[in-house]
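The numbers here are math on the coordinates, done by the rules we state, and not lab data. What you are looking at is a predicted structure, and each value in this text was computed from that prediction instead of being measured. Ideal geometry is used to build each Cβ from the backbone, glycine not excepted, and the neighbour counts take in all protein chains shown.
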Amino acid sequence: MQEILARFKDAQLGKVLLRRVREEAERAADVLGRLPVCMEVCGTHTMAISRAGLHGLLRDRVVLQSGPGCPVCVTDQADIDACLDLARRREVTLTTFGDLLRVPGSRGSLEEERAGGADVRVVYSPSDAVDLAAALPERQVVFVGVGFETTAPLVALSVREAATRGLTNYSVYPSHKLYPPALRALLLDPEVRLDAFLLPGHASTILGRRRLNFIAAEHGVPGAIAGFEPLDVLSALLEILRQLAGRRAEVVNTYPRLVREEGNPVAVAIMAEVFTPSRAAWRGLGELPGSGLEFKGQWVAHDAIRRFQVERVVTRPRRGCLCGEILRGKVKPFDCGHFGRTCTPVSPLGPCMVSSEGACAAYYRYERTG
Amino acid sequence: MCLGVPGKVVEILEPSRWAVVEIPGVRRRVGTALVGEVRLGEYLMIHAGYAIEKLDAEQAAQSLELWEAMAGAGDPGQV
């Protein structure tokens, strides 16, 4: 298996696929009368595309646009502020994935709270946060639940694990997002022009291919579920460009070594046991019905919003930060006046520059020339 | 959006709950509740300390064969 997986990075095969992608993009451009616009929804794809240098290799044939698939980036400022409030409580140990630490809220970041004495800890997994709650019975351990369908089932498992172990000092600030409603919003947005989707490999591992059919069936837009190696990305691009050239629209699974037609039913079931879909605020996209997850039934006892009476206060984002527009695929990082000048990974103005999966961070690291 | 790393099952701690996987250079305990029974030597996709799905070796080989056939044939009509 290790040898098979290594072959997904094969440079020789990559060159052949790249040539085919360029040919097919030209045919698609002939049909459309302009360059095709393909959106990679997932932040890990944004990083993979930049790392493989695909923007430069395809610039004259296809527009690759980043979308709203970096979990930290789409987290609304009001949620960041709510987490800052939680971190300030003396009884709270706030646990989070590392990416969130430096995202600026309207008044500072979790990193700054930590420097000021708050107990903020980075964990690799929600299960580490549960272990911490067991080790610190006198503390209230709160996990910040950001992430898409890939992450939400693990957080649901962590809550069940805490309940099984009788831990009453573990709770979650629920800020998960479901990605299909965001695609629907983009497809209905008259300001957003896109021709096809490169669909997330791991969120779709949970959801399965069939739940994504609406993209083609209802909106007439092609989509390909893609893996994350360069060959995966190229073969998915080839698939959607062939569809555009042939005036077809289907949702195709080009990541069959992991993604199944019906997804992962166990993961879908645990998510449905603990959470129910809710209205959620996205940076850039605003409030979208059914695009978030809130606790349901007995599990509301683990809701940090309820436990600590947290209030979400809506504030204005930083002036001039185009993160919201970048997440909708309206502009590219280079179009922002702050990019690379007043906003860098060392001193970021917005989350797209903070997160390792953010479009601005990817462009800063890989796409700057001269 | 959701970084995943393939890991090989090298030890089963609690069936259908916890296993140890080897990700080149690192061994780590991961939750396996979402993927059911796992066998030694199987490959799992790991995200944030949990396996989200098993990797299908046969499907992986088929994808590669498809692309390699295309590269060999050089026929733009075949993918």
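Going from the residue with the fewest nearby Cβ atoms within 10 Å to the one with the most, A:E325, A:E218 rank A:E218, A:E325. Anisotropy class assigned to the stretch A:227-370 is oblate, per the alpha carbon gyration tensor with a/c at or over the 1.5 cut-off and a/b no larger than b/c.
Label positions at A:N213 and A:E325, each projected 7 Å from the Cα along the C-beta direction, are separated by 3.9 nm. For A:L234, A:L167, the sequence from fewest to most other C-beta atoms within 10 Å is A:L167, A:L234.
Can you compute the FRET efficiency between A:A269 and A:R165 using 1/(1 + (r/R0)^6), with r the Cβ-Cβ distance and R0 = 25 Å? Round to the nearest 0.05. Taking R0 as 25 Å, the efficiency between A:A269 and A:R165 is 0.75. One chain, two ends: A:S356 and A:R306. Fully extended at 0.36 nm per residue, the span grows by 14.9 nm beyond their Cα-Cα distance. Pairs exceeding a 29 Å alpha-carbon distance, out of A:K332/B:K54; A:K15/A:K177; A:K177/A:K330; A:K9/B:K8; A:K15/A:K332; A:K177/A:K332: A:K332/B:K54; A:K15/A:K177. With the convex hull drawn over the C-alpha atoms of the stretch A:266-350, the volume per residue is 153 Å³. Angle of helix B:57-73 to the longest C-alpha principal axis of chain B, folded into 0 to 90 degrees and rounded to 10: 20°. Neighbouring Cβ atoms from other chains, within 10 Å of the Cβ of residues in B:38-50, number 5 on average. On the beta carbon distance between B:Q59 and B:R17, with R0 = 30 Å, the FRET formula returns roughly 0.70. When the Gaussian network model of chain A links Cα atoms closer than 10 Å, the mean-square fluctuations of A:P181, A:P277, A:P190 top out at A:P190. Applying D = kT/(6 pi eta Rh) to the protein assembly as shown, where Rh is the Kirkwood radius over alpha-carbon pairs, T corresponds to 20 °C and eta to 1.002 mPa s, the Stokes-Einstein value obtained is 96 µm²/s. Among A:Q298, A:Q140, A:Q77, the largest mean-square fluctuation in a Gaussian network model of chain A, built with springs joining Cα atoms closer than 10 Å, belongs to A:Q298. Only helices enter the 222 nm calculation for the protein assembly as shown: every DSSP H run of n ≥ 4 contributes -39,500 (n - 2.57), and dividing by all residues gives -11000 deg cm²/dmol, rounded to 500.
Note on B:63-71: average number of Cβ atoms from other chains within 10 Å of each residue's Cβ is 6. The radius of gyration of the Cα set in the stretch B:5-73, together with its Dmax, comes out at 14.2, 48 angstrom.
When A:D30, B:D56, A:D232 are sorted by how many other C-beta atoms sit within 10 angstrom of their C-beta, beginning with the fewest, the order is A:D30, B:D56, A:D232. Ordering A:A25, A:S158, A:Y179 by the projection of their Cα atoms onto the charge dipole of chain A, which places +1 on the Cβ of Lys and Arg and -1 on the Cβ of Asp and Glu, puts A:A25 at the extreme positive end. Each label was represented as a point 7 Å from its Cα along the Cα-to-Cβ direction; for A:R89 and A:A115 these points are 2.6 nm apart. Cys residues of the protein assembly as shown that find no other Cys beta carbon under 4.7 Å: A:C38, A:C42, A:C83, A:C321, A:C336, A:C343, B:C2.
In terms of its C-alpha gyration tensor, the stretch A:1-80 comes out oblate, because a/c is 1.5 or above while a/b does not outweigh b/c.
Among A:A78, A:A269, A:A203, which one shows the biggest mean-square fluctuation in a GNM of chain A, springs joining Cα atoms closer than 10 Å? In this elastic network of chain A, the residue with the biggest mean-square fluctuation among A:A78, A:A269, A:A203 is A:A269. Reducing the stretch A:64-105 and the stretch A:299-370 to their Cα centroids gives an inter-centroid distance of 10 Å. Candidates A:T93, A:T369, A:Q243 compared by Cα position along the dipole of chain A: farthest toward the positive end lies A:T369, with charges placed on Cβ.
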